[in-house]
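Working notes, beginning with the structure itself.
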Amino acid sequence: MRIFYFFQIVFFSIIIAGCNENLKQNGPHENDEIQFAKHVQIEKSDSLLLLHILDPEKNTIEKKYALTRKLETTIPKGYSRIMIPIKSIAALSSTQIGMLSVLNQEKVINGIADKNYVWNSKVLSGVKKGQIDEVGFEGMIALEKLIKIKPSIVMYSGFGKEFPHQKQLEQIGIQCVPNYDWKEMNPLGKAEWIKVLGALTDQLEESENYFNQLVKEYDSLKRLAQKSRISPTVFSGNITGDIWYTPAGESFTAQLFKDANLEYVYKKTKGTGSLALSFEKILSENTKTTYWLNPEHPSIQEILEMNPKMNFFDAVKNKNVYCYSNNMNYYWEMSAIQPQHVLSDLIQLLHPDVKLQKKLYFYKNICQ
């Protein structure tokens, strides 16, 4: 993401064209204000905001939106207009709900994917009162419901690229905006997408203030973790079917482990998503690993009932298994916008020599 200051609106088209061409060749440039997010840009002027969503694979602009407060404002050619502040949004992922909540903008949510994956009490209350509709996940979207509630925008994750029925929705004034926070390689890059929600709700300054404070807290904790005398070894994930899924070495989770001064076994692997490994490989490489993180179950007893071989790990024998599974919905909704709290938990639990007097936000020992 980059923010450029334009002094004269008449030059927009020329400047934008030059920027777009540059992007296609070189990817996003460095930006003084936006330090971490790689798949989004915001260009700022007195009269509008230009929002660019970048294709994570090609690193070129995929979507271009002009955010305006007045209908008569001229927008550059090739841009889709979004009036701000938006009146409503169908927020189809948990992270979007979390970001809107820290901006106190839950009131704009009129559509969600499924209430069973929501933690926010205001949103759940809205569903109960009939003010917020469940419209399904993007692969199985309930088109009739979306048309009925007619949100200003649908924000989706882009797992399958173009949103289903996108052209039909845009014809009736519903803009479909992809959110690639999940493709970011840095926890702070993922959190920085709050500025997109801030721009759409006309809370850009508030989102910038929140993010700047978040970065200060995160960096302070990161420095504290580096003072620890040890770098504990960790492995992560769990087995689904015959495959053990664990974060790849270039993922934001692996970066989080690094920032917490943890020695992640697969830190040198390639990829920003998950590795798909066999149980035998995980066991052979992690029998003596000190900690097991994020097995996605609320208790070790439940895990052992499904797979007694988990007892071969020293982490299980020594009761060193930690997860956020005591409140999954809370974690998935808030951890992306509160990476400093995730980092704080990891430092407290895995660096006993660091005296960090804070409560635990997400994690607990599931062996107890």
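The values are calculated or read from the model by the stated rules, or taken from the named source; none is laboratory data. Small disclaimer: the values here were computed from a predicted structure and weren't measured. Glycine also receives a Cβ, built like all others from the backbone with ideal geometry; neighbour counts cover every protein chain displayed.
For the stretch 350-368, taking the residues that are of a type in the set (A, V, I, L, M, F, W, C) and under 18 Å from ILE303 (Cβ atoms), the one that is surrounded by the fewest Cβ atoms within 10 Å (Cβ to Cβ) is identified as CYS367.
In the stretch 227-259, the qualifying residues are those that are touching a residue at least 60 places away in the same chain (Cβ under 8 Å) and acidic (Asp, Glu), and the one that is surrounded by the most Cβ atoms within 10 Å (Cβ to Cβ) is ASP259. Test ASN110 against the stated conditions and say whether it is within 22 Å of MET83 (Cα to Cα), in a loop (DSSP other than H, G, I, E, B) and outside the structural domain of ASN329 (by TED's automatic domain parsing). No, not satisfied.
ILE194 meets the conditions (1) touching a residue at least 40 places away in the same chain (Cβ under 8 Å); (2) β-branched (Val, Ile, Thr); (3) surrounded by fewer than 22 Cβ atoms within 10 Å (Cβ to Cβ); (4) not assigned by TED's automatic domain parsing to the domain that holds TRP332 in every case but one. The failed one is (3).
Could you run through the stretch 177-205 and say how many residues are outside any loop (DSSP other than H, G, I, E, B), under 29 Å from LEU221 (Cβ atoms) and of a type outside the set (Lys, Arg)? Counting residues in the stretch 177-205 that are outside any loop (DSSP other than H, G, I, E, B), under 29 Å from LEU221 (Cβ atoms) and of a type outside the set (Lys, Arg) gives 13. A Cβ distance below 6 Å, combined with a sequence gap of six or more or placement on separate chains, defines the contacts here; from the stretch 76-103, residues that are of a type in the set (Ser, Thr, Tyr) reach residues that are in a loop (DSSP other than H, G, I, E, B) and modelled with pLDDT under 95 in the pairs SER93/SER157. Please go through the stretch 281-320 and pick out each residue that is closer than 23 Å to GLU250 by Cα and either without any contact (Cβ under 8 Å) to a residue 40 or more places away in the chain or polar (S, T, N, Q) (or both). Scanning the stretch 281-320 gives LYS281, LEU283, SER284, ASN286, THR289, THR290, ASN294. The set of residues in the stretch 165-177 being over 16 Å from GLU62 (Cα atoms) and surrounded by 17 or more Cβ atoms within 10 Å (Cβ to Cβ) consists of LEU169, ILE174. Candidates are the residues of the stretch 315-328 that are surrounded by fewer than 16 Cβ atoms within 10 Å (Cβ to Cβ) and of a type outside the set (Lys, Arg); the one that is nearest to LYS190 (Cα to Cα) is ASN327.
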